[in-house]
Amino acid sequence: MTEQIDQALSRKYEAGFVSDIESETFAAGLDEDVIRRISAMKNEPEWMLEWRLRAYHSWLKMEEPEWAHLHYPKIDYQAISYYSAPKSMKDKPKSLDEVDPELLRVYEKLGIPVHEQEVLAGVAVDMVFDSVSVATTFREKLKEAGVIFCPISEAIQNYPELVKKYLGSVVPRSDNYFAALNSAVFTDGSFVYIPKGVRCPMELSTYFRINEQNTGQFERTLIVADEGSYVSYLEGCTAPQRDENQLHAAVVELVAMDDAKIKYSTVQNWYPGDEDGKGGIYNFVTKRGICHTNAHISWTQVETGSAVTWKYPSCVLKGDNSVGEFYSVALTRGRQQADTGTKMIHLGKNTRSTIISKGISAGRSNNSYRGLVHMGPKADGARNFTECDSLLIGDRCGAHTFPYIESRNPTAKVEHEATTSKVSEDQLFLCKQRGLDAEKAVSMIVNGFCKEVFKELPMEFAVEAGKLLEISLEGSVG
Amino acid sequence: MSAWLQQALERSQANQDWLTPSRNRALAALQSTPWPSRRTEGWKYTSLSALEQLSAEAPAEQPLSEIPAIEGLDCLELVFLNGQLQSDLSTLQLPAGVRIDSMASLPPEQQVLATTQFANIKPERHLFGLVNDVLAQDIVFIQLDDGCHLPQPIRIVHQSTEGQQSHQRVLVRLGHKAKASLIEQFLGNQSSVTTAFTELDLAEDAELDHYRLALQSGQALHFGGCHFCLHHRAQLNSTLIGYGSALSRTDIDIIHNGEHAHAKLNAIYLLAESEHFDLHSTIEHAKPNGTTEENVRGIVGDKANAVFNGRIHIHRDAQKTLAELNNRNLLLSRRGQINTKPELEIYADDVQCAHGATVAEIEEQALYYLRSRGISRSQALIMLNFGFIQELVNQMPNQQLAAWLQPQLRARFKEMEVQ
Amino acid sequence: MLTIDNLHARVGQQSILKGLNLQIKPGEVHAIMGPNGAGKSTLSYLLSGRDGYEVEGGSVQFMDDDLLEMEVEDRARHGLFLAFQYPVEIPGVSNMEFMKESVNAIREQRGEEPLSAAEFLKKAKEACKQVQLPLDFLKRGVNEGFSGGEKKRNEIMQMILLEPKLCILDESDSGLDIDALQVVASGVNSQRNSERSFLVITHYQRLLDYIKPDFVHILANGKIVKSGDASLALKVEKEGYAFLGIEATEEASS
């Protein structure tokens, strides 16, 4: 049966095409000068450059972390190009109509709604291509509601006070090795501001595409939900199929002020490398949100891509009664390695967090959940519930669980459970007996395994995520 | 290398004996191991600074204090004082099929066997295990022949006194179908350093009841380890009881090296004052069809700090393994800390593995039930908290030992409650 | 013994009891029946003093005391006993240890000397026999691994040992087969006397074949809507609650 499943798992990566877009790309290498040039390209104010340089100097003194259950050759940071942008973007198109249609075609090919008239109902999209944002839809409509949704490079120009106040406030410049690198060289990403009491009228989403060879993508996202506001945000990512590994080191910061709610969903489908582990994206991401009083941050992620994933979307539950949630599906196949999970830092009273993590390992992959639940001395009555389930498909993969629990408060309560299971012969037999082929059966079982997480995704994307898993398992069991 | 370690190595005489090659290997490993800091994963929550703050002067050795007998339990007793064997092995009344030797006087034909075991069951990653490899003096080697059933338990008592540094080592080898019960007990609350490692090999179908009573408290610094290798169908039932001290650390490894072996490990820690207790357990399933059941419970009061790291590692070949780990903690005080990490590392698909960990207060439901029968809230809390520990004590196969321990645990627990 | 006057109570935001009146005199057996969600369990929990029930109005007098002012354990010490519908499992605390602690806490309240271990053991063994539980149940953890029927019998055993003044039986018949039901009932009947009162909460008339009530009350929508003698229970059994103009509601009260 193992062999059948194995075959079943070899599938094609549908987003693996390369687009022939003429780009302006920096030569590989990183030094102060590169950072100055990035800053200059973006026409940034002096304070921003200063900020970047400080991050760079911290980074120089830091060491790449080795604690994760990941094995990959040392990354040569001098072999990476830190900036690449389509030439057509040089003139800064003012509206969607001025954007190079070739670029938009890339997104259309990926199934991303780019034209406002034909979009999925109520989804605004920011499209980031290598190092720049190429287009953002529905900006005017959002503006009417007072919502700011724009590339972060623009926000630095147009809303410097907001950016200055919040950038690095959740993930400090030198938080960790990859965050420091990102702080030094980030090129674009999205900025969202939801004013007090506003419920964002549509789903916001950013679609990241790496196209150029030998470049890294270093995007930075900052979402500020002011008091009593609500926003649901989704990001998606793909990259072409290449034999070389490419680095993606992003930082996402969420600020949920009193009574605000941010729902952040990710469908990550970076190129995972081939069956032998050749190529693929190295995905090192720092995502963190801070919750003020009664605020609520919910992270949902479906991780099917990348050769290496290092990612721990976290919540700092600072305000009393605030709520953090983490729902994750991570599927690894081939030689993929994922080390992902979350941190829930309970500081305020009666803070609550829920962690549901579903890991599916197949092929020769390794899939690890790594999480921290911290109950601070003032977190009276705080609660956490964690459930980590692993599903192993085949006998050459690995599934691992590394939960850290730290409690400093006698009235806080932490519950952690983890189980491991496999797709059993019995389940397969039952499905087949009911007339399903094995492939459909496995995909059904996997989908059922992930149900708790999928139901947290915005509806439009839940369907897509289900399909993504199905594709991932395509051609599997015979 | 730490100043403490350097001194300890200098102070020890060069142990030139037939174990020298093994000791040298350990020394080399020790010298290439960086001294742990809080950034070292295995020492994330346990600082070794207490070791560095020891005064270098050793006061005169104190005599052995009386070892309390375990009521109703007739044991073969071995007593160590500061790492030196006090018992006269030649006077022990041993049944046929049992040998207890000091390594120093081990006949040459036995030495080969001993070298295959010394430092070979204990994984090399344990820093203080390496220290013990180099420095252990009086090493005791206990062997049971095939089919030998030892009727009474072997009780090894280690006592440390003020200012002393002792390094104890015990090797245990149970032959095919042999059956034994071993109690290891550690005493001494004064400022001292103890490293105490035991390596146990259970041959096919062997059965061992094992108790480790790490009861050193106060200013004692304790670094202990129990390392079990289970062969085909071997059965282990081990109970650890730990008190905290200025620094108390125990590493337990259970390696399933044969199929169909069964391991049960129960551990209890009861921590008061500013005590620190750190338990790292690793269960390695290297062969198929093994089962492991691990239950770890702790109560932490006052300013105490509990660390638990429980790892289950299922190797690629270990199909049909069944392994469960459950860790439950009660934190009684605002100044206390609990740091726990149950880990699974799984490379085989047809296995059933689960772990759970909780840190909580007593269930309101249970508290209400007791109170509805007229029991006061404070008394109900004591009953429930202690019941939480007692459940594991009740599972000890040796009920005389359990009965002997119970009032001691209760007394300790009551002290914790008062604060 | 017990006087409940115009009792209003809620759980969270939901009002469950809406003006309940009930008077129980010494030696009387009262039965309360009612559809799901009527507030039966709320009443028993509230009387025993469980957290989470907020009294909005009314009063409860238990002998000479204001019951609602008393802590859970004080109510028990003054002679109020609740046989739980779902007895809690407490591994690690033995039945014996639990009951001894409890009996002596209640004796202390009455100004009596604590029982010695031997005296207690004798009583406990007798009680055990009376409810047909094997003696080793005394050594086992409280309700740990007991079957549903064993848990219910364990509750009755506790009742026998604690010699309460008012016994509230919360669905003590639920989940019992006919043999177990008879054991429970005979345990209860053996404790009936002119001083001791019972409040029997049940869903089915069946239990009342074995424990004959003096009064039967129908609780619906947070109030007693009808009271009568044992024949009322039979009528409900036959005709359902419909004749009272009550429809069973879905909301659970516990």
Other-chain or far-sequence residues with amide H under 5 Å of residue A:386's (modelled H):
A:355, A:415, A:416, A:417
At 1.4 Å probe size, with no ligands or nucleic acids counted, give the accessible surface of residue A:270 in Å², nearest ten.
0
For the pair residue B:89 and residue C:147, how long in nm is the line joining their label points, each one 7 Å along Cα→Cβ?
5.6
Efficiency by 1/(1 + (r/R0)^6): what FRET value for residue A:444 and residue B:152, r their Cβ-Cβ distance, R0 = 41 Å, to the nearest 0.05?
0.10
Calculated on alpha-carbon atoms, Rg and Dmax of region A:257-331 in Å
15.1, 49
Indicate, rounded to the nearest 5 percent, the antiparallel portion of the DSSP beta bridges found entirely in region C:2-244.
60
On a full-extension model of 0.36 nm per residue, what is the gain between residue B:69 and residue B:24, subtracting their alpha-carbon distance, rounded to one decimal in nm?
12.3 nm
Under 5 Å from the placed amide H of residue B:78, counting only residues 5+ away or on other chains, we find B:155, B:156, B:157
Log entry: pair-distance distribution for chain A, C-alpha pairs binned every 10 Å from zero, whole % per bin is 4, 21, 31, 28, 13, 3, 0
Simple label model, 7 Å out from Cα along Cβ direction - residue A:459 to residue C:239, nm:
4.9
Region B:140-160-region A:222-283 distance, computed between alpha-carbon centres (Å):
59
Do the sum for chain A: with -39,500 (n - 2.57) for every DSSP H run of n ≥ 4, divided by all residues, what is the mean residue ellipticity at 222 nm, to the nearest 500 deg cm²/dmol?
-7000 deg cm²/dmol
Shape call for chain B, from the Cα gyration tensor axes a ≥ b ≥ c (a/c under 1.5 means rounded, otherwise prolate when a/b beats b/c, else oblate), comes out rounded
So how do B:159-165, A:345-351 stack up, highest first, on mean other-Cβ count within 10 Å?
A:345-351, B:159-165
Relative to the isolated chain, which residues of region C:47-75 have their accessible area cut by 40 Å² or more in the presence of all protein chains (1.4 Å probe, heavy atoms, no ligands or nucleic acids)?
C:50, C:72, C:73
Per 5 Å bin, what percent of the C-alpha pairs of region B:122-249 does each bin hold, from zero upward?
3, 11, 21, 22, 19, 13, 8, 3, 1
Where the accessible area of region C:2-244 is counted over protein heavy atoms with a 1.4 Å probe, how much of it, in %, is carbon and sulfur?
45
Whole-percent carbon and sulfur contribution to the accessible surface of region B:212-259 (1.4 Å, no ligands, DNA or RNA) stands at 42
Need one word for chain C: rounded, prolate or oblate. Basis is the Cα gyration tensor (sqrt eigenvalues a ≥ b ≥ c); a/c below 1.5 gives rounded, then a/b vs b/c decides.
prolate
GNM on chain B, Cα springs under 10 Å; top mean-square fluctuation among B:220, B:29, B:306 goes to B:29
Of the convex hull drawn through the C-alpha atoms of the protein assembly as shown, the volume per residue in Å³ is 209
Could you work out the helix-only [θ] at 222 nm for chain B, with each DSSP H run of four or more residues adding -39,500 (n - 2.57) and the total divided by the number of residues, to the nearest 500 deg cm²/dmol?
-6500 deg cm²/dmol
What is the distance, in nm, between label points placed 7 Å from the Cα along the Cα-to-Cβ direction at residue C:178 and at residue A:427?
4.5
Would you mind checking which residues have amide H under 5 Å from residue B:188's amide H? H placed 1.01 Å from N; only 5 or more apart, or other chain.
B:160, B:217
Probe 1.4 Å, all protein chains in place: accessible area of residue A:139 in Å², nearest 10?
80
Kindly flag which residue pairs out of A:378/A:413; A:74/A:287; A:311/A:358 have an alpha-carbon separation exceeding 18 Å in this structure.
A:74/A:287
Area buried, chain B against chain C - accessible surface, total, 1.4 angstrom probe, square angstrom
2200
Which helices count as membrane-span-like in chain C under these terms: full DSSP H, at least 30 Å along the axis by C-alpha, Kyte-Doolittle mean of 1.0 or more?
none
Additional length obtainable on full extension of the chain from residue A:49 to residue A:165, 0.36 nm per residue less Cα span:
40.2 nm
For a label point 7 angstrom out from the Cα of residue C:108 toward its Cβ, which stretches of region B:385-404 have the backbone nitrogen within less than 19 Å?
B:385-387
For chain B, the charge dipole (Cβ of Lys, Arg +1; Cβ of Asp, Glu -1; about the Cα centre) points to a positive end, and the Cα of B:344, B:79, B:288 closest to that extreme belongs to B:344
Considering only protein heavy atoms, what per residue accessible area in square angstrom results for chain B with a 1.4 angstrom probe?
36
Taking protein heavy atoms only, a 1.4 Å probe, and rounding to whole percent, the accessible area of region B:363-419 owed to carbon and sulfur comes out at 52
Where a Cα-Cα gap under 20 Å defines reach, which lysines qualify for residue C:122, not counting those fewer than 8 residues away within the same chain?
C:100, C:139
Which whole-angstrom value gives the distance between the alpha carbon centres of region C:28-52 and region B:286-359?
42
Considering only B:106, B:116, B:130, whose Cα is most displaced toward the positive end of the charge dipole of region B:69-155, charges sitting on Cβ of Lys, Arg (+1) and Asp, Glu (-1)?
B:130
In square nanometres, what is the average projected area of the Cα convex hull of region C:97-169?
4.9
Asked for the total accessible area buried by B and A (1.4 Å probe, Å², nearest 100), one would answer 2900
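The values are calculated or read from the model by the stated rules, or taken from the named source; none is laboratory data. Remember, it's a predicted structure, so these values are computed and weren't measured experimentally. Glycine also receives a Cβ, built like all others from the backbone with ideal geometry; neighbour counts cover every protein chain displayed. Surface areas here come from the heavy atoms of the whole protein model, side chains and all, with no ligands, DNA or RNA. Shrake-Rupley method; radii C 1.70, N 1.55, O 1.52, S 1.80 Å.
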